[in-house]
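The values are calculated or read from the model by the stated rules, or taken from the named source; none is laboratory data. All figures in this text were calculated on a predicted structure; none of them were measured in a lab. Note that we place each Cβ from the backbone using ideal geometry, even for glycine, and neighbour counts take in every protein chain shown.
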Amino acid sequence: MARIEMNQIAHSYMEKPQGSDDYALKRIHHTWEDGGAYALLGPSGCGKTTMLNIISGLLRPSEGRILYDGKDVTDLPPERRNIAQVFQFPVLYDTMSVFNNLAFPLRNRKVDETEVKRRVHEVADILDLTPYLKKKAAGLTADAKQKISLGRGLVRSDVAAILFDEPLTVIDPHLKWQLRRKLKDVHEQLRLTLIYVTHDQIEALTFADQVIVMYEGEIVQAGTPQELFETPKHKFVGYFIGSPGMNFIPCTLSGNEARVNGFSIPLDQKTADAAASASGNLELGIRPMFLKVHGESVEGGIPVTVKLVQDQGSFKILTLQLENHTLQARLPEEHSLPGERAWVTFPADQTKLFADERLVG
Amino acid sequence: MNRNHVKTGLLILYFILLMLPIYWMLNMSLRTNADILGGFALYPKHPTLENYIKILTEPAWYSGYINSMIYVSMNTAISLLTALPAAYAFSRYRFIGDKHVFFWLLTNRMAPAAVFLLPFFQLYSTFNLIDTHIAVALAHCLFNVPLAVWILEGFMSGIPREIDETAYLDGYTFPRFFITIFIPLIRAGVGVTAFFCFMFSWVELLFARTLTTTEAKPIAATMTRTVSASGLDWGLLAAAGILTIVPGALVIWFVRNHLAKGFALGRV
Amino acid sequence: MNKWEDNKAWFLVLPVFIVVAFSAIIPLMTVVNYSVQDIFGPGQRYFVGVEWFKEVLNDSRLHDALWRQFLFSGLVLLIEMPLGIGIALLMPKKGWGVSASLVTIALPLLIPWNVIGTIWIIFTRPDIGLFGAAINSAGIAFDHTASPLHAWITLMFMEVWHWTPLVALLAYAGLMAIPEAYYQAARIDGASAWATFRYIQLPKMRGVLTIALLLRFMDSFLIYAEPFVLTGGGPGNSTTFLSIYLVKVAVGQFDLGPAAAFSLIYFLIVLLFSWLFYQALQNVGKGEER
């Protein structure tokens with residue numbers, strides 16, 4: 001178990017990277033605390049897997065250092081880093097039994113055979129693999145295979161962290177939650193550092209204490225699921241997390257009001273002050289669930305046309321047209337539906353401003 | 001790092017050993033027969049193109065190359081044209097006797113060529129096909145068509161069937177779909193198959209020699225002519241041998257990217 | 001993948017069926033026909049039943065040729081399979097070296113078979129050949145036209161030189177198909193190079209190695225042109241393999257009946273052994289998946 005520090009890490013797959021576009025990872029500075037359960041969230045190609053491979057040592061970063069408990073391991077290969085990794089597709093030694101699969105990492109490290117036996121049985125017990133120990137690994141189901149992959153990490157008592165690279169991709173949907181549950185159990189029992197890569201926000205938000213959102217080779221925000229939802233630091237976080245994503249409309253600033261197509265929207269004092277000193281393109285952002293929709297004209301209400309109503313069961317999603325901008329609002333089931341015309345208001349404390357895609361204030 | 005250098009070194013050593021006999025023949029081909037018999041030399045001290053000029057100017061010699069090229073091309077064309085639809089059938093449909101036919105096709109690859117020698121001669125005599133290019137091309141179909149079906153079937157099975165279904169729903173007829181959509185999708189497979197057909201037809205000699213006398217005689221058989229009253233003309237023989245390697249080397253150079261891609265897909 | 005069920009697919013197979021049947025079934029019927037008749041000339045033939053089969057099965061020269069053939073094919077497989085796998089492991093996996101290696105390694109496969117024989121005659125002659133001269137200058141009187149042992153050694157060198165590339169190419173294709181994650185997992189598990197080979201690469205190559213084994217068995221068992229050119233079956237009968245003997249009987253002595261019976265037995269042996277190899281390797285596979 002260890003605390004993992006990434007110190008100014010950057011990586012490019014090219015030999016001579018020119019601009020920042022050539023980098024798969026652009027200057028990452030981040031610390032993974034010992035015993036934490038982290039999710040690394042982001043779209044395909046944002047650098048998640050690169051980051052994971054740098055932590056495990058499969059890749060050597062082009063720049064920067066990586067430290068385990070303060071010790072520099074940048075130049076150490078994965079077998080000397082005491083790290084475990086579970087891949088997207090189950091990786092098994094097909095010709096070996098489940099027992100031998102689990103024992104493999106220990107035997108490679110010349111661990112005493114009685115100790116191997118003890119550890120394997122212990123781990124098989126935690127993962128409910130005991131009945132399969134004598135079977136060939138090749139014939140098992142995908143979820144059992146992923147458990148074996150995980151088990152190969154757990155058998156090593158000294159393992160610093162376990163890395164997961166979208167491990168549930170090939171698992172049947174109804175087994176996914178079981179396996180995720182197992183992972184949480186393992187985490188609570190053993191208090192290992194777990195880093196879990198995914199592009200599925202539900203998976204990330206239910207699994208982790210801390211979610212790290214990546215976008216185009218950068219960490220755009222790290223925080224608890226609630227922080228990500230309430231105060232997205234970057235337009236991408238607002239857009240990627242939450243269903244549907246945050247609304248964004250270009251705006252200008254006038255005193256402590258934002259102006260959109262000539263309508264004014266009041267802001268709270270803190271946001272307005274910060275925005276006054278911000279530069280770049282300003283955009284106003286609000287979560288669909290915070291947008292207030294009224295059936296008749298109210299004071300400060302901005303007139304919109306209702307384009308579409310989607311019933312999602314416990315809530316409804318309205319698509320609204322504000323002149324040339326489209327907004328989405330999420331209404332609770334019991335809320336009365338407006339007619340074709342409606343008015344919206346923006347609660348000042350939930351209305352955020354973004355300058356050049358980054359949160360203001 | 002060090003390990004990789006050892007690997008590269010061993011590989012280069014293997015390539016040198018692989019090229020050595022070919023180099024030696026090249027060495028012989030650039031010397032006159034008298035020079036060869038006159039003394040041992042690691043490289044041609046007085047290189048001459050005499051042997052090559054003789055081969056390329058004497059019709060009895062160069063017609064052998066033309067004959068070989070003609071029947072090899074014919075065989076590759078026939079193999080591909082017949083194997084493409086058949087491979088499609090095996091990769092997409094279940095039909096009566098499908099597995100048996102597939103197995104029967106492959107068993108032909110196991111038949112000793114010598115077994116078929118005499119019957120082939122008789123069969124083609126009956127049809128008056130002896131000493132024609134088509135006779136050799138057809139005879140080579142015996143092992144090339146099954147191979148082509150087998151390789152193409154592998155590539156085709158890698159293409160999802162939804163593509164076929166969508167095309168049929170869009171109103172494509174089978175021939176139009178097959179030619180304009182499907183074949184372009186398995187280009188690499190067709191390249192690899194053509195390469196293997198070319199290769200096996202080019203290197204085969206027994207059928208080619210038995211079924212031809214003069215008009216369609218392959219170069220490989222012409223090479224027996226080098227025995228003269230004064231013994232073997234080594235220089236001439238070597239030059240003819242080198243020239244038989246050239247077409248194969250050219251073909252593999254042209255399909256090398258298809259081959260690399262075919263290998264990356266895990267299919268040969 | 002579930003296939004569509006449609007017997008009309010036969011129309012697509014028909015061209016292949018006709019072409020191959022023309023070249024396979026009619027000649028095979030002719031062979032069967034010959035094998036049970038005694039033929040003196042056009043119109044003069046007598047039905048002899050299994051007479052020729054008996055004669056062939058009792059032919060001691062054929063027995064010798066058969067054992068020679070098994071020894072040859074056995075040695076070929078024992079040398080070429082491990083060597084081919086080893087070379088495949090040495091080949092680069094990406095970059096310009098891939099095409100270069102593929103082209104170089106495939107070159108011997110593209111040389112007509114009798115030219116292969118010619119290359120090796122030139123290469124191994126004691127007077128003008130590099131190989132022959134080098135061994136002679138080392139003090140060993142090497143001559144493959146006089147000593148059966150030397151003839152065998154030369155043949156083995158030629159065979160290994162010629163066909164190991166095929167095994168290497170197939171094994172290489174198998175290696176390329178292994179997903180990168182397997183190697184990454186092996187590194188994380190601390191597996192040695194040997195363990196990676198034994199538990200990942202070798203099991204994953206099983207499919208292509210089966211094909212390589214079958215092709216190499218069949219083709220080495222059917223070998224004709226190369227030894228015919230290099231040694232002509234000699235010295236004596238020491239390198240007279242089945243195909244060479246068969247052609248001697250059929251073309252040389254024009255004994256069509258025995259030659260036909262011989263052909264059929266030969267074909268059956270190849271078929272039987274190929275099938276046995278195939279079954280054995282399939283069963284190994286099933287055992288692992290249980």
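Quick notes
- Some residue of segment B:170-180 being within 10 Å of chain C (Cβ to nearest Cβ), farther than 28 Å from B:L250 by Cβ and at pLDDT 85 or above: yes
- Among the residues listed as B:P184, B:P175, B:P119, the single one being without any contact (Cβ under 8 Å) to a residue 12 or more places away in the chain, under 17 Å from C:P15 (Cα atoms) and either touching a helix residue (DSSP H, G or I) at 6+ places or on another chain (Cβ under 8 Å) or not basic (K, R) (or both): B:P175
- When segment A:208-249 is filtered for residues that are part of a strand (DSSP E or B) and without any contact (Cβ under 8 Å) to a residue 24 or more places away in the chain, the ones remaining, listed by number, are A:V220, A:Q221, A:G223.
- Among the residues of segment B:122-141, those identified as assigned to a helix (DSSP H, G or I) and either over 16 Å from B:M74 (Cβ atoms) or over 19 Å from the mean Cα position of the chain (by Cα) (or both) are B:Q122, B:L123, B:Y124, B:S125, B:T126.
- One residue stands out in segment B:89-108 among those that are touching a helix residue (DSSP H, G or I) at 6+ places or on another chain (Cβ under 6 Å), assigned to a helix (DSSP H, G or I) and at the interface with another protein chain (Cβ under 7 Å from one of its Cβ atoms): the one that is surrounded by the most Cβ atoms within 10 Å (Cβ to Cβ), namely B:A89.
- Among the residues listed as A:V309, A:V293, A:V298, the single one being modelled with pLDDT under 90 and buried (at least 17 other Cβ atoms within 10 Å of the Cβ): A:V293
For every residue, the table says whether it meets (1) modelled with pLDDT under 85; (2) within 13 Å of another protein chain (Cβ to nearest Cβ).
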| residue | (1), (2) |
| --- | --- |
| B:P21 | no, yes |
| B:F40 | yes, yes |
| B:H46 | yes, no |
| B:E50 | yes, no |
| B:E58 | yes, no |
| B:V72 | no, yes |
| B:P85 | no, yes |
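- Residues in segment B:248-268 that are among the aliphatic types (A, V, I, L, M) and either touching a helix residue (DSSP H, G or I) at 6+ places or on another chain (Cβ under 7 Å) or modelled with pLDDT under 65 (or both): B:A249, B:V251, B:I252, B:V255, B:L259, B:A260, B:A264, B:L265, B:V268.
- When residues of segment C:121-144 are limited to those that are closer than 24 Å to B:M223 by Cβ and away from every other protein chain (no Cβ under 13 Å), the one surrounded by the fewest Cβ atoms within 10 Å (Cβ to Cβ): C:D143
- Pairs, first in the same structural domain as B:N75 (by TED's automatic domain parsing) and outside any helix (DSSP H, G or I) in segment B:144-166, second of a type in the set (F, W, Y) and surrounded by fewer than 23 Cβ atoms within 10 Å (Cβ to Cβ), C-beta under 8 Å, six or more apart: B:I159/B:F182
- Only residues that are without any contact (Cβ under 8 Å) to a residue 60 or more places away in the chain and over 25 Å from A:H199 (Cβ atoms) were counted in segment A:66-100, giving 17.
- Scanning segment A:250-273 for residues being in contact with a strand residue (DSSP E or B) (Cβ under 6 Å, 6 or more places away or on another chain), assigned to a loop (DSSP other than H, G, I, E, B) and small (G, A, S) gives a total of 0.
- Evaluation of B:R161 against (1) within 13 Å of chain C (Cβ to nearest Cβ); (2) crowded, with 18+ Cβ neighbours inside 10 Å (one fails), failing number: (2)
- Residues of segment A:149-170 classified as part of a helix (DSSP H, G or I) and within 11 Å of another protein chain (Cβ to nearest Cβ), total: 3
- Cβ separations smaller than 6 Å between residues 6+ apart or across chains give the following pairs from segment C:71-90 residues that are touching a residue at least 60 places away in the same chain (Cβ under 8 Å) to residues that are polar (S, T, N, Q): C:S73/C:S220; C:V76/C:S220; C:E80/C:T164; C:L83/C:T164; C:G84/C:T164.
- Residue-level check: of (1) hydroxyl-bearing (S, T, Y); (2) facing chain C (nearest Cβ under 9 Å); (3) not in a helix (DSSP H, G or I), B:S68 misses just (3).
- Residue match in segment C:176-195 (condition: within 24 Å of B:L205 (Cα to Cα), within 7 Å of another protein chain (Cβ to nearest Cβ) and in contact with a Phe, Trp or Tyr (Cβ under 8 Å, 6 or more places away or on another chain)): no
- Residue within segment C:174-186 that is closer than 30 Å to B:P112 by Cβ and assigned to a helix (DSSP H, G or I) present: yes
- Condition met for B:F15 (without any contact (Cβ under 8 Å) to a residue 60 or more places away in the chain, in a helix (DSSP H, G or I) and within 11 Å of chain C (Cβ to nearest Cβ)): yes
- The criterion of being under 23 Å from C:W4 (Cβ atoms), surrounded by 21 or more Cβ atoms within 10 Å (Cβ to Cβ), modelled with pLDDT of 85 or more and within 11 Å of chain C (Cβ to nearest Cβ) does not hold for B:V145.
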